[in-house]
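Scroll down for the structure; my scribbles are underneath it.
Any read-out appearing in this document is the output of simple, stated calculations on the displayed coordinates, not a laboratory observation. The shown structure was predicted, so the numbers you read here are calculated from the model rather than taken from an experiment. All Cβ positions, glycine included, derive from the backbone under ideal geometry; neighbour counts span all protein chains shown.
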Amino acid sequence: MLYDKIKKYDFVKHRKLFFTISIVVTLLGILTLAIFGLNRGVDFKSGTTLDITAGAALDKGKVEQIVTGAGLPPVPVTIGGDNNERVSMRFDRVLNQEEVNKLMAGFTAAYGDKISKEENTVDTELANELALKAIYAVAIASLGIIIYVSIRFEWRFAIAAIVALLHDAFIVVSLFSIFQWEVNLPFVAAILTIIGYSINDTIVIFDRIRENLRFAKLKTFEDLCTLVNNSIWQTMTRSINTVFTVFIAALCLFIFGSEAIRYFSLAMLLGLVSGAYSSIFIAAQVWILLKNKSLRSSKAVTVPVKE
């Protein structure tokens with residue numbers, strides 16, 4: 001009985017509520033982006049990352065004292081590895097060789113000679129180039145999806161799919177801007193992965209809509225609403241199972257993974273939820289608004305299937 005009541009839920013009828021939720025989050029994201037921008041990690045701004053491995057377990061308080069003792073500003077310190085023998089530090093500016101040597105001398109004095117380091121430096125020009133290429137990557141992926149959906153389905157499906165895709169990407173970017181979480185290269189990888197999963201869910205629903213259109217004779221907007229609602233419910237189990245499986249994997253990465261992929265996992269979690277939401281509540285609703293215009297020109301329309 002409960003399942004039957006739930007299954008009667010009208011997604012199309014409540015589309016304005018879903019549109020409003022997405023618009024509010026998007027506007028908040030635009031506002032915070034304009035005021036605060038993104039909290040760019042060292043990948044997208046000049047700086048130095050040092051990963052230092054010692055021959056003994058490291059103490060966080062002692063490491064912080066070594067950093068300040070070398071005349072450097074306090075930075076977030078992440079300790080991990082086998083027996084807590086590895087520390088990762090990210091500085092917001094490029095360290096010169098003298099500063100690095102002074103820092104290493106402090107670690108040597110505290111933990112002995114078995115000290116090794118991995119140093120990564122990003123200058124301003126490279127940081128800007130990486131940020132620009134990240135934007136290009138998202139834009140090219142979006143363009144490819146538009147072309148594919150236009151050829152495989154029709155232009156209305158393509159527009160609806162790209163609206164949902166950009167919705168998912170921007171929702172994640174907005175949340176990272178609102179809460180000022182760090183944006184780095186793994187974050188870009190997460191955005192591209194989110195785009196892939198989002199379009200997969202959307203295409204599953206669109207494919208079922210297209211199949212149902214084969215036998216549909218649409219006379220009114222209510223007929224179109226019924227077709228879309230039925231198509232969404234027919235694919236609901238598959239959509240939920242797919243997203244839930246990947247969500248559990250991303251959650252495990254977030255809980256048990258290293259600090260280096262923490263924000264990648266967080267972006268994935270947010271993107272998976274946003275992707276499932278947009279596929280069900282946004283993409284199909286955008287398509288139905290576009291399709292409704294063709295119904296106004298005639299009383300009965302038999303929709304041809306484009307192979």
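With Cβ to Cβ distances under 10 Å as the rule, what net charge do the other residues near Arg86 carry (K, R +1; D, E -1)? Could the numbers behind the result be given before it?
Details: positive: none; negative: Asp51, Asp82, Glu85, Glu118.
Taking every Cβ under 10 Å from that of Arg86, the sum is -4.
Report the longest stretch of the chain that contains none of the chymotrypsin sites (Phe, Trp or Tyr not before Pro) sitting in a DSSP loop with at most 11 other Cβ atoms within 10 Å.
Details: sites that count: Tyr9, Phe36, Phe179, Phe215.
My reading of the result: 37-178 is the longest stretch.
Grab the beta carbon distance between Arg214 and Leu27, set R0 = 51 Å, and tell me the FRET efficiency rounded to 0.05.
Working: r = 40 Å, r/R0 = 0.77.
After rounding to 0.05, the efficiency reads 0.80.
Excluding the sites themselves, what is the longest stretch of the chain that contains no trypsin sites (Lys or Arg not before Pro) in a DSSP loop with at most 15 other C-beta atoms within 10 Å? Present the calculation step by step, with values, prior to reporting the outcome.
Working: sites that count: Lys8, Lys13, Arg93, Lys114, Arg214, Lys219, Arg296, Lys299, Lys306.
The reported range is 115-213.
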Counting Lys and Arg as +1 and Asp and Glu as -1 over every other residue whose Cβ sits under 11 Å from the Cβ of Ser239, the net charge comes to +1
Assuming R0 = 30 Å, can you tell me the calculated FRET efficiency for the pair Asn101 and Leu185, based on Cβ-Cβ distance, to the nearest 0.05? 0.60
Subtract the Cα-Cα distance of Arg238 and Ala139 from 0.36 nm times their separation in residues, and report this length gain in nm to one decimal. 32.8 nm
